[in-house]
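Working notes for the structure below.
Nothing in this text is a laboratory measurement; each read-out follows from the coordinates by a stated rule. These numbers come from a predicted model, not from an experiment. All Cβ positions, even for glycine, are placed from backbone atoms using ideal geometry, and neighbour counts span all protein chains on display.
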Amino acid sequence: MKRLVVICLMVFSTSVFAQHTLSVKVNNVTSNEGKVNVAVYNSHEAFLSFDKVMKTHGVSAHKGTVDLTITDLPDGEYALAVFHDENDNGKLDTNWLGIPKEKVAFSNAKMKTFGPPKYKECAFTVNSDYEIHIDF
């Protein structure tokens, strides 16, 4: 009986603290300059707030498709924002109206005419290793 309890506790603890890998494929990168960066958000309150990002990752840009890998994500709902930092200055450059000058894309949604999509439009659920494709 003790053995059964121990086994049940082990199975329960690994499922509660499960960590997953998110593979992000960013398509239509137009140049080899700079970096492609992804920001992972886990709530609508945090979405698109630079100081509330859950995780970030960046890789060198190259034309075509760029692969990014986010590790150690627990089960949950997430939304991604991706941008191509072509001049590699570490920030999203915008014009005087705040409109991005660099390519921006989101998980499951496109930029709207008058601003970015909402968190719920971009959100997806991770409960195992997951792959998502995002187009610039």
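For Gly58, neighbours were defined as the other residues whose beta-carbon sits under 10 Å from its Cβ, and their charges (Lys and Arg +1, Asp and Glu -1) total -1. Between the amide H of His57 and those of Val38, distances stay under 5 Å, these residues lying 5 or more places away or on another chain, with hydrogens modeled in the peptide plane. Against the main long axis of the alpha-carbon atoms of the chain, helix 2-16 sits at an angle near 10°. I want to make sure I understand the PRE zone here: with the label point 7 angstrom from the Cα of Glu77 toward its beta carbon, which residues in the range 40-68 have backbone N atoms less than 16 Å away? Correct set: 41-48. Summing +1 for each Lys or Arg and -1 for each Asp or Glu among the other residues whose beta-carbon sits under 13 angstrom from that of Ile99 gives +1.
Each Lys and Arg contributes +1 and each Asp and Glu -1, all at the Cβ; summed about the Cα centre of the chain, the dipole is approximately 300 debye.
Contact order normalised by length for the chain, with contacts defined as Cα pairs under 8 Å and 6 or more residues apart; what percent is it?
Values: 285 pairs, mean separation 42.3, N = 136.
Dividing the mean separation by the residue count of the chain yields 31 percent.
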